[in-house]
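Reading through the structure tokens given below for one structure.
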Amino acid sequence: TQLLEQSPQFLSIQEGENLTVYCNSSSVFSSLQWYRQEPGEGPVLLVTVVTGGEVKKLKRLTFQFGDARKDSSLHITAAQPGDTGLYLCAGDRGGSGNTGKLIFGQGTTLQVKP
Amino acid sequence: DAGITQSPRYKITETGRQVTLMCHQTWSHSYMFWYRQDLGHGLRLIYYSAAADITDKGEVPDGYVVSRSKTENFPLTLESATRSQTSVYFCASLFRGGRDYGYTFGSGTRLTVV
């Protein structure tokens, strides 16, 4: 059972376009993180959102955590070829022990063409 | 350099052989994790560790063994490699700093079992 569903799985756009990636679940998460992974490398943390309704901005990237803390979105404005990569959302269920184990979505592969 | 170092970066081994993947962190993060990444399955947790000498199974632990005698090292051993264990393996540590919270990943080990 995939607890975190990402959509779309693949996205190919032209430079300058806007896009949104979604990360949805029926479960509540204590926090949700977004990572970007380039070929041959490990994922790199972009942002962590903790509070329901929270919005964080990182240059042209805007991250939002749903009010109920079950979903999140990543919006990129005026995409550039350097944004190309695999975007992963990951949720922490929290709870007793707080082991820090994350559940990862399947990822969204983004290709931005010049 | 500070961070997580995985070795080797690439490994080809034969079915039935034992192979150990190394992971070293330069911080003193308590939590460390091993994930495997496969097309269609995303990142799946193999084992994790809360501290030296404390380890626990993740989602897909069968065929793997871990140890953590020192905080900075978390090796993963495939006791008798099988073709289904061909994958890219990532080690990660968890950092926490106020509202800053997330994983730092190594660059991965690409393992092929022939």
Sites matching trypsin sites (Lys or Arg not before Pro) across segment A:57-114 that sit in DSSP coil, with at most 11 neighbouring C-beta atoms within 10 Å: A:Lys59
Stokes-Einstein D (µm²/s) once Rh is taken as the Kirkwood radius of chain B over alpha-carbon pairs, at 37 °C in 0.692 mPa s: 232 µm²/s
Cross-link pairs beyond the 31 Å C-alpha cut-off, checked among A:Lys70/B:Lys70; A:Lys56/B:Lys57; A:Lys56/A:Lys113; A:Lys59/A:Lys101: A:Lys70/B:Lys70; A:Lys56/B:Lys57
Under 5 Å, built H, 5+ apart or other chain: amide partners of B:Gly108: B:Gln6, B:Cys91
Dimensions (Å) - chain A, Cα atoms, principal axes, largest first: 47, 29, 22
For the protein assembly as shown, Kirkwood radius (reciprocal of mean inverse C-alpha pair distance, Å): 18.1 Å
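Read the figures in this text as sums done on the coordinates, not as results from a lab. Not measured: the values here are computed from a predicted model. Using ideal geometry, Cβ is built from the backbone for each residue, glycine included, and neighbour counts are taken over all protein chains shown.
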